Amino acid sequence: MFYRETGQFKTSYAADQQIFPIRQDRIGIALLLAFAFVVVPLVASNYWFNAILIPFLIFSLAALGLNILTGYAGQLSLGSAAFMAVGAYAAYNFQVRVEGMPILVSFILAGLTSAGVGILFGLPSLRIKGFYLAVATLAAQFFIVWCLTKFPYLSNHSSSGVISVPGIEMLGMKIDAPHERYLLVLGIVALLALAAKNMVRSTTGRAWMAVRDMDVAAEVIGIRLMRTKLLAFAISSFYCGVAGALYAFCYLGSVEPDGFSLDLSFKILFMIIVGGVGSILGSFLGAAFILLLPIFLDIFLPWLSALLQLPFDGATVSHIQLMVFGALIMFFLIVEPHGLARLWQIGKEKLRLWPFPH
Amino acid sequence: MIAGFKKLVVASSIAAALLTAATPAAQAAEEQFFMLPSYRVGPYGANGQAFYGGFIDYLNYINMKGGIDGVQATWEECETEYNNAKGVECYERMKSKALKAPGPIHTMSTGISYALVDKAATDKLPLAMMGYGLTSAVDGSVFPWAFPLVTTYQMQASAIVKFLKDKSGGSLEGKKIVFLYHDSAYGKEPILALEAEARLNKYSLVQIPVAHPGNEQGAQWQRIRQEQPDYVIMWGWGVMNMTAIKTAQKMGYPREKMIGSWWAGSEEDTVPAGDAAKGYMSATWNVAGKGVPLIADIEKTVYGAGKGNLQDKAKIGTILYNRGVSAAVLSIEAIRTAQAKYGKGKAMGAEQVRWGLENLNLTEARLKALGATGLLPEVKTSCDNHEGSGKVKMQQWDGAKWVSLTDWIEGNKALVHPLFKADAAKYAKEKGITPRDCSKEK
């Protein structure tokens, strides 16, 4: 009913190949973008920008990066946080050391630096696979954090290793207010998400998926393994690097190497597992789930315990929150092992037939 | 029956009249809001419980004693788990409530306070970092809204060196000191000061980092055994402290030669280490125990009324509990200072509280009046000096409790404060901040 495609004829290859072949989807995504770009900046409060929307978008981008590598190219990685750290520190250094460097160029260079480091740590993927590769990428995680702590040059000789980023300026305008930073992040994330969506539909993406599904077969049909795998590492790290730069510049304002710990890598991995491995939409849903649910529980549970007059103090509520969060992750994984994106897809199928299922 | 009913009506209307008469007064009672980005779970949960327990107990105590000159203290907690991103979220969530009449914000986390320094300055909210955080904020001309009160890592390191110097007969020349530190912002902060002291006092400094969380230190202590240092200065936190003390025992390094920072000198560090901790020393800017009249009075008044925050009463009088109380004492005194200038009995706005923090003068006489003699050193802040004291005591664990070894020791201000100035100037340049002229502040 809602997704009735009757009457939507495709008369050209271009029409058949577009990102959203169904008209309802096109309208939906246009409305969503309009909402995010126009309505949200008008109505959201500072709390929403600073604590919810900006981190959500940044982590979506990082999850998207990991999803390209793990979900599409099938290379398990535990180094996403390290690549974010490279991006954050690289952007900081470009910004501080090069006078008058435009911020967007810094972000792109940060992404490229991160891509370079990603290729380096992707090299083992040519020989090892699966869990063994995950362990190899752990090396990136520890090495990069160690490196950032070890060499004071990288943090511009800050006595504590913490970098505090300079303000953002674009075209002579100061990007300072929360809604301005939100729009900057949203713009970058929307662009990169569009690029990712197109990439996975292109030759590159198909080569990744072929490698993921069976690399020997992929090699037999003429896909160059080395190039494909390293490209996946490079692009994935580019996304993580840009996310890291945004994390430092638009969200926290000050970062330390320890902030990019293995915990953060796991968090990003959980985002794509919960959201949906091998799905662009899944990266966003997963980021929302992992990031926003704890905040929601944090606000909701004390309210609930006050309402029901339960004798819980702050610490107990915090413990219960962790338990509920863990239980919910398990619940969703049992109900739908393929992630929230799959749930959405099933919902869409159902809506297509509704109200007359077979 | 009807007469009875009438009586009831009259009585209740009188009661209602009384109530309505009372209500405006109750509404007019002003409130000062403390946002508490606290942590009670996670790796450092035990430390957070004691600190914020002490803080809240003192606020309750003040409220029971008639408030801050009639102004009631209110507060809200938000769990940060010692995680920077969560800390920022908590800050943003509670910010709107705090804008009107905030108390100084205490995060008890260097990472979170780093993330909040800029945000708090933009939002114009006073941020206190008592004994942690961005130490160059001592220079109030660049950081009007941040207050590393009482003392800083660098001043503490310098005071420890002074103490060791006295201990070894007035000179450290030719001695070897190992600096064992938590490899994070917190642990690296004092390195500059220790290096400067090493040049001045001609001792050799060996730096050994411990990766977070520090529950495995075999390699580090192997190295210490090789180096055979005269002293080990330790900048540890959480589980790292207990592990270090235990490993030192295993490796046969005398604990009497180990001295920790004030985050490495609480009951949470020594009790789990058991026998190994006996003789271990640490710096502190507040004393432990219930010997301070104020702490005893809090236990009697607040816990007597069943309003205590701690479930585990054994924590009362521990180092971190007393530190929470000291933090609350300083916060309340800053508000009182502001009230003296801007109006008694009124809740203070952010700018007024900031002024109070900047013009704090907590004298020995005032501490005595509060019943807090010896709990913390005298504190006198100014625009130039947001630290206000720079003094610490040394204490030693006797196997059951912390015993003070010394009176208040001041670090080498002439050596350390210029480091802050230089760092603050660099910060100002990077961020494009024009420093205030402190000579024009009053």
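Here B:GLY345, B:GLY317, B:GLY279, B:GLY291 are screened, and the one residue that is part of a loop (DSSP other than H, G, I, E, B), more than 20 Å from B:GLN49 (Cβ to Cβ) and in contact with a Lys or Arg (Cβ under 6 Å, 6 or more places away or on another chain) is B:GLY279. Restricted to segment B:135-173, and to residues that are in contact with a Leu (Cβ under 9 Å, 6 or more places away or on another chain) and assigned to a loop (DSSP other than H, G, I, E, B), which residue is farthest from B:ALA98 (Cα to Cα)? Per the stated criteria, the residue is B:LEU172. Restricting to helices (runs of 4 or more DSSP H) lying wholly in segment A:195-249: which have 2 or more residues that are closer than 21 Å to A:ALA287 by Cα and either touching a residue at least 40 places away in the same chain (Cβ under 8 Å) or of a type in the set (Lys, Arg) (or both)? Filter on segment A:195-249 gives A:225-246. Considering A:PRO166, A:PRO124, the condition of being in contact (Cβ under 8 Å) with a residue 12 or more places away in the chain and assigned to a loop (DSSP other than H, G, I, E, B) is satisfied by A:PRO166 alone. Of all residues in segment B:271-294, those satisfying the criterion of being buried (at least 24 other Cβ atoms within 10 Å of the Cβ) and at pLDDT below 90 are B:THR284, B:TRP285, B:ASN286, B:ALA288, B:VAL292. Within segment B:99-116, if we keep just the residues that are surrounded by 24 or more Cβ atoms within 10 Å (Cβ to Cβ) and among the aliphatic types (A, V, I, L, M), the residue that is nearest to B:ILE335 (Cα to Cα) turns out to be B:ILE105.
The residue of segment A:204-259 that is farthest from A:LEU148 (Cα to Cα), among those that are aromatic (Phe, Trp, Tyr) and within 14 Å of chain B (Cβ to nearest Cβ), is A:TYR251. The residues of segment A:144-177 that are among the hydrophobic types (A, V, I, L, M, F, W, C) and crowded, with 16+ Cβ neighbours inside 10 Å, listed by number, are A:ILE144, A:VAL145, A:CYS147, A:LEU148, A:LEU154, A:VAL162, A:ILE163, A:VAL165, A:ILE168, A:ILE175.
Here is a yes/no grid of residues against (1) within 11 Å of chain A (Cβ to nearest Cβ); (2) within 29 Å of B:GLU197 (Cα to Cα); (3) out of contact with any helix residue (DSSP H, G or I) (no Cβ under 8 Å at 6 or more places or on another chain); (4) not aliphatic (A, V, I, L, M):
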{"residue": "B:GLU81", "(1), (2), (3), (4)": "yes, no, no, yes"}
{"residue": "B:ASN84", "(1), (2), (3), (4)": "yes, no, no, yes"}
{"residue": "B:GLY87", "(1), (2), (3), (4)": "yes, no, no, yes"}
{"residue": "B:LEU116", "(1), (2), (3), (4)": "yes, no, no, no"}
{"residue": "B:MET129", "(1), (2), (3), (4)": "no, yes, no, no"}
{"residue": "B:LYS167", "(1), (2), (3), (4)": "no, yes, yes, yes"}
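Of all the residues in segment B:394-425, those that are in contact (Cβ under 8 Å) with a residue 12 or more places away in the chain and within 14 Å of chain A (Cβ to nearest Cβ) number 7.
Entry remark, segment A:297-311: residues being outside any loop (DSSP other than H, G, I, E, B) and more than 10 Å from every other protein chain (Cβ to nearest Cβ) number 8 in total.
Please go through segment B:377-403 and give me each residue that is surrounded by 15 or more Cβ atoms within 10 Å (Cβ to Cβ) and of a type in the set (Gly, Ala, Ser), ordered by number. Result: B:SER382, B:GLY388, B:SER389, B:GLY390. Among the residues making up segment A:30-88, those that are within 30 Å of A:ILE128 (Cα to Cα) and either assigned to a loop (DSSP other than H, G, I, E, B) or more than 19 Å from the chain's Cα centre (by Cα) (or both) are A:ALA73, A:GLY74, A:GLN75, A:LEU76, A:SER77, A:LEU78, A:GLY79.
The values are calculated or read from the model by the stated rules, or taken from the named source; none is laboratory data. What you are looking at is a predicted structure, and each value in this text was computed from that prediction instead of being measured. When we count neighbours, we look across all protein chains shown, and the Cβ atoms used for this are built from the backbone with ideal geometry, even at glycine.
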